[in-house]
Amino acid sequence: MRVICKRDRYRYIRLPLRFINRGFNIDHITNFCIDTGAPYSLVTYEQAVEWKLPLDKLKPTPTPHRVGGVEGPGYCLENNVMLLRDFRGKLIPIEVSQIVVIGPPIAPKQRVLPVPALLGDDILRRFTLIVESDLHGGKVIITDETVTYSSPQGNS
């Protein structure tokens, strides 16, 4: 599988995918931002509201979660599928046993930029990311194929 996504003008790597959870009747195209520094993937409170996700029916996480200046309680959404489209147009299902959903902000009057859904290490560790960068963006390839590379001479 090889999925190609682009960096936007802010250099965020965005991956549009179809997020499915049959238990809560969710079938939605969502843009996830690839966050190589995030230990886990998450869905925002705004998306939970848009999807009409009943947070009271989800298992709470032991601690709150903080992302991009927003802190809120966390909930576990289980038994999910992410459908990615590869570079040939084929849909590839990725099983996601659990993803964190952030609840309403603890400090709701706090002004912060909106936080996108994040694709973190819990999913990214299954793949290799290849970055073809340029000054104004570039593309990123996500693959489960074996990738071999060699470092330039003299570098390790």
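Treating only the Cβ atoms of Lys and Arg (+1) and Asp and Glu (-1) as charged, compute the dipole magnitude of the range 2-143 about its Cα centre; round to the nearest 20 debye.
It comes to approximately 340 debye.
On the principal axes of its Cα set, how long, how wide and how thick is the chain? Give whole Å, largest value first.
Here the Cα extents, ordered largest to smallest, are 54, 33, 27 Å.
Where does the charge balance sit around I99 when Lys and Arg score +1, Asp and Glu -1, over other residues with C-beta under 9 Å from its C-beta?
Here the count lands on -2.
Can you list the lysines whose alpha carbon is less than 28 Å from that of K90, not counting same-chain residues fewer than 8 positions off?
List returned: K6, K139.
Can you order the peptides 14-26, 41-53 by their average number of other Cβ atoms within 10 Å per residue, highest first?
Peptide ranking by packing, descending: 41-53, 14-26.
How high is the relative contact order of the range 1-42, in percent, counting Cα pairs under 8 Å that sit 6 or more residues apart?
After rounding, I find 30 percent.
Using θ = phi - 60° and the Karplus relation 6.51 cos²θ - 1.76 cosθ + 1.60, list the HN-Hα couplings for the range 29-45 in order, rounded to whole Hz, with x at every Gly or Pro.
Ordered by residue, 3J(HN,Hα) equals 6, 9, 8, 9, 9, 6, 10, 5, x, 8, x, 8, 7, 8, 10, 7, 4 Hz.
Which whole-Hz couplings ³J(HN,Hα) result when phi for each residue of the range 88-105 is put into the Karplus expression 6.51 cos²θ - 1.76 cosθ + 1.60, θ = phi - 60°, listed in order with x for Gly and Pro?
For the range 88-105, the Karplus-derived couplings read 9, x, 6, 7, 10, x, 10, 6, 10, 4, 8, 9, 7, 10, 7, x, x, x Hz, x marking Gly and Pro.
Using Cβ counts within 10 Å as a stand-in for footprinting exposure, how do I99, I141 rank, fewest first?
Fewest-to-most Cβ neighbours within 10 Å comes out as I141, I99.
When only Cα pairs under 8 Å and 6 or more residues apart are kept, what is the percent relative contact order across the range 1-107?
Computed value for the range 1-107: 28 percent relative contact order.
Arrange the following residues from fewest to most other Cβ atoms within 10 Å of their Cβ: H28, H65.
Result, fewest neighbours first: H28, H65.
Using Cβ counts within 10 Å as a stand-in for footprinting exposure, how do Y40, Y75, Y12 rank, fewest first?
In order of increasing Cβ crowding within 10 Å: Y12, Y40, Y75.
Compute the Kirkwood hydrodynamic radius of the range 39-111, taking the inverse of the mean of 1/r over all pairs of distinct Cα atoms, and give it in Å to one decimal.
Computed over the range 39-111, the radius equals 13.5 Å.
Every read-out reported here was derived from the displayed coordinates using simple, explicitly stated rules and does not represent laboratory data. These figures come from a predicted structure and were not determined experimentally. Cβ atoms come from the backbone with ideal geometry, glycine included; neighbour counts cover every protein chain shown.
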